[in-house]
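Quick notes on the structure that follows.
The values are calculated or read from the model by the stated rules, or taken from the named source; none is laboratory data. These numbers were taken from a predicted model, which means no experiment stands behind them. When we count neighbours, we look across all protein chains shown, and the Cβ atoms used for this are built from the backbone with ideal geometry, even at glycine. SASA here: full protein model, heavy atoms, side chains in, ligands and nucleic acids out. Shrake-Rupley method; radii C 1.70, N 1.55, O 1.52, S 1.80 Å.
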Amino acid sequence: MLVLALDTATPTLLAGLARWSADGGVEVLAERAVPSGTRHAELLTPAIRDVLGDAGLSLPDVRAVVVGLGPGPFTGLRVGVVTAATLADARGLPAVGVCSLDAIGTGARTVVTDARRKEVYWARYAESGARLDGPGVTRPEELTVAGPFVGDPRFADRLGAPVTPADVTTAGLLRAAGAQLAGPTTAAPLVPLYLRRPDATPPTAVKPVTRAEPRP
Amino acid sequence: MVDEPLVLGFETSCDETGVGLVRGHTLLADALATSMAEHERFGGVVPEIASRAHLEAMVPTVHRALADAGVRAADVDAVAVTSGPGLTGALLVGVAAAKAYALALDRPLYGVNHLAAHVAVDELQHGPLAEPSIALLVSGGHSSLLLVPDLARDVESLGRTIDDAAGEAFDKVARVLGLPFPGGPPIDRAAREGDPAAIGFPRGLTGPRDAPFDFSFSGLKTAVARWVEARQRAGEPVPVANVAASFQEAVADVLTAKAVRACREHGVDHLVLGGGVAANSRLRALAEERCAGAGIVLRVPSPRLCTDNGAMVAALGSRLVAAGVAPSAPDLGADSSLPIEVVSR
Ligand SMILES: [Zn+2]
């Protein structure tokens with residue numbers, strides 16, 4: 001079954017095409033990792049066109065869409081999630097969401113990515129690849145789980161341990177999506193893993209525009 | 001006879017998730033979801049809350065639009081989306097969705113200007129726009145006076161607010177008066193019982209040396225707050241209806257006077273109103289009165305179409321298709337401060 005995989009949870013957007021088989025086999029046919037920063041919305045659909053072109057396939061060949069639900073910076077993260085949801089809807093395909101951190105690295109590891117505001121998103125995995133703890137968001141200095149760390153190497157200093165660079169991959173997304181791809185009707189709704197509430201505080205009282213004493 | 005193209009329009013520039021379907025000048029569907037209730041307690045639209053709500057509402061709203069119009073996604077001939085101006089995070093949800101539908105359906109995509117779409121929506125009710133027209137667009141996010149020689153290709157800004165949008169002034173005055181958010185409807189209701197001449201609130205930027213077509217509502221808002229606070233400090237009751245009516249009169253007076261002046265100075269005899277504040281009863285009444293007096297044809301869409309919606313975007317998309325304007329490039333994004341001169345990009 002041909003699967004389109006998308007992720008915009010990190011500054012590198014990912015579009016990939018892979019054949020997935022029910023025995024868990026994953027054959028990646030094309031993959032584009034674009035260092036798009038804050039330009040995910042501009043560059044994601046062109047990247048999808050590119051991987052289809054690279055593989056010599058077209059959208060009607062695709063049978064399912066897998067997308068990383070984060071955690072990641074909200075604005076960019078939503079671009080991938082809404083693209084997957086609407087693309088799948090328009091083509092009548094199942095859409096499957098997975099934790100983006102599950103798709104970074106393999107084996108026993110702790111994944112760390114940039115959560116901005118001097119914090120990291122993190123999750124810890126067993127040798128089998130099963131997630132043991134997380135996803136969470138915290139300051140690297142306060143992260144108590146063990147390494148080895150993979151993900152964003154810029155946090156090595158603050159973690160006090162090396163971080164092996166690793167990004168979200170098509171193979172990683174499909175591995176994480178395995179159970180849901182096998183039974184697409186069981187797939188959970190595509191709700192991003194925000195992990196943080198929106199920044200907003202209700203106003204307390206109307207602030208007077210005049211001072212208590214009369215103006216001259 | 002071949003059917004005119006079916007255009008699917010997406011609008012997510014603020015708190016409304018709008019998906020509209022238009023064929024030519026015919027409105028087929030106008031599905032809307034709003035997160036307004038979630039913003040109420042914050043006294044203004046919280047961008048992140050709006051963006052999250054857009055994502056949740058997107059696919060269900062598309063389904064509702066298709067069902068209301070009785071068409072299938074595959075019937076769509078072109079896709080249009082608000083590319084700006086607006087809240088970046090909110091805009092991007094709509095842009096990404098529209099790009100995905102255009103890609104999935106293999107149809108052209110038009111990234112359009114939200115303000116021009118406010119003008120285009122009137123064609124769904126009153127037929128082809130007279131060109132040139134003057135457009136007065138007033139809402140919680142914008143206050144603009146436009147000259148529209150050609151809605152598909154040539155829109156000029158004559159003036160805009162230099163501080164608050166007119167709708168923001170309504171929200172802030174409502175807060176001062178203890179009325180709910182958004183402030184437009186409750187002020188309109190309260191004002192019906194009040195005397196619009198009770199208090200002489202200032203008319204911003206109406207001096208002989210002021211920019212003739214720019215607006216300023218910050219001074220008015222502050223003057224209202226100061227007036228109310230003075231009563232409160234003196235322990236006197238605040239005459240809410242009179243304050244609301246006098247404030248509303250000041251806003252409607254400035255807006256309509258400048259719009260009529262713009263028509264006169266540019267030799268234009270058609271004025272279009274749009275934006276949420278165009279639903280204000282006093283603004284509509286005063287605009288009618290002054291346009292009639294000046295021999296100007298006034299066009300005002302129904303209140304439902306004045307506020308943000310997907311039909312307005314589809315209406316402009318339809319206009320662009322009919323005019324043979326080139327679709328957007330594949331790397332279309334959002335521009336929170338897209339200038340009005342850019343009708344589509
Ligand atoms: Zn608007």
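General observations
- Selection within region A:128-161 - of a type in the set (Ser, Thr, Tyr) and open to solvent by less than 30 Å² (accessible area, probe 1.4 Å): A:Thr138
- Any hit, region B:76-93, residues being within 13 Å of chain A (Cβ to nearest Cβ) and more than 21 Å from the chain's Cα centre (by Cα): yes
- The requirement of being β-branched (Val, Ile, Thr) and within 30 Å of B:Ser216 (Cα to Cα) is fulfilled somewhere in region B:63-81, by at least one residue.
- Residue match in region B:112-122 (condition: in contact (Cβ under 8 Å) with a residue 40 or more places away in the chain, open to solvent by 20 Å² or more (accessible area, probe 1.4 Å) and in contact with a Gly (Cβ under 9 Å, 6 or more places away or on another chain)): no
- Among the residues making up region A:13-32, those that are open to solvent by less than 40 Å² (accessible area, probe 1.4 Å) and at pLDDT 95 or above are A:Leu13, A:Leu14, A:Ala15, A:Gly16, A:Leu17, A:Ala18, A:Trp20, A:Ala30.
- Selected residue (criterion: farthest from the chain's Cα centre (by Cα)) from residues of region A:54-71 that are more than 12 Å from chain B (Cβ to nearest Cβ) and either at pLDDT below 95 or open to solvent by 50 Å² or more (accessible area, probe 1.4 Å) (or both): A:Gly56
- First in region A:74-91 and within 7 Å of chain B (Cβ to nearest Cβ) and among the basic types (Lys, Arg), second anywhere and in a helix (DSSP H, G or I) and open to solvent by 10 Å² or more (accessible area, probe 1.4 Å), Cβ under 7 Å, 6 or more apart: A:Arg78/B:Leu55; A:Arg78/B:Leu92; A:Arg91/A:Leu59
- All conditions in (1) open to solvent by 40 Å² or more (accessible area, probe 1.4 Å); (2) under 25 Å from the mean Cα position of the chain (by Cα) hold for B:Phe215, with the sole exception of (1).
- Here B:Ala314 clears all of (1) in contact with a helix residue (DSSP H, G or I) (Cβ under 7 Å, 6 or more places away or on another chain); (2) surrounded by 22 or more Cβ atoms within 10 Å (Cβ to Cβ); (3) not hydroxyl-bearing (Ser, Thr, Tyr) except the condition numbered (1).
- Scanning region B:266-286 for residues that are of a type outside the set (Val, Ile, Thr), assigned to a loop (DSSP other than H, G, I, E, B) and away from the ligand (no atom under 16 Å from the Cβ) gives B:His266, B:Gly267, B:Asp269.
- For B:Tyr110: the one exception among (1) away from the ligand (no atom under 14 Å from the Cβ); (2) closer than 24 Å to A:Pro94 by Cα; (3) not hydrophobic (A, V, I, L, M, F, W, C): (2)
- When residues of region B:11-31 are limited to those that are open to solvent by 10 Å² or more (accessible area, probe 1.4 Å) and more than 15 Å from the ligand (Cβ to nearest atom), the one farthest from the other protein chains (Cβ to nearest Cβ): B:His25
- Looking only at residues in region A:22-53 that are among the β-branched types (Val, Ile, Thr) and part of a helix (DSSP H, G or I), the one that is farthest from the other protein chains (Cβ to nearest Cβ) is A:Val51.
- Residues within region B:64-92 that are more than 16 Å from the ligand (Cβ to nearest atom) and either in contact with a Pro (Cβ under 8 Å, 6 or more places away or on another chain) or under 30 Å from B:Ser144 (Cα atoms) (or both), tallied: 6
- Residue check for B:Gly267: of a type outside the set (A, V, I, L, M) and within 14 Å of another protein chain (Cβ to nearest Cβ): no
- Checked against (1) touching a His at 6+ places or on another chain (Cβ under 9 Å); (2) of a type in the set (A, V, I, L, M, F, W, C); (3) within 15 Å of the ligand (Cβ to nearest atom), B:Cys263 meets all criteria but (3).
- Within region A:96-112, the residues that satisfy the criterion of being touching a Leu at 6+ places or on another chain (Cβ under 7 Å) and either of a type in the set (S, T, N, Q) or surrounded by fewer than 24 Cβ atoms within 10 Å (Cβ to Cβ) (or both) are A:Cys99, A:Ser100.
- Filter pass, A:Pro35 being surrounded by fewer than 20 Cβ atoms within 10 Å (Cβ to Cβ) and within 17 Å of the chain's Cα centre (by Cα): yes
- Exactly one residue among B:Ala130, B:Ala102 is more than 12 Å from the ligand (Cβ to nearest atom) and within 14 Å of another protein chain (Cβ to nearest Cβ), and that residue is B:Ala102.
- Within region B:32-45, the set of residues being closer than 21 Å to B:Thr61 by Cα and at the interface with another protein chain (Cβ under 9 Å from one of its Cβ atoms) comprises B:His39 only.
- Filter result for B:Val173 (more than 20 Å from B:Met36 (Cα to Cα) and within 14 Å of chain A (Cβ to nearest Cβ)): no
- Given (1) within 25 Å of the chain's Cα centre (by Cα); (2) more than 16 Å from the ligand (Cβ to nearest atom), index of the condition B:Ala234 fails: (1)
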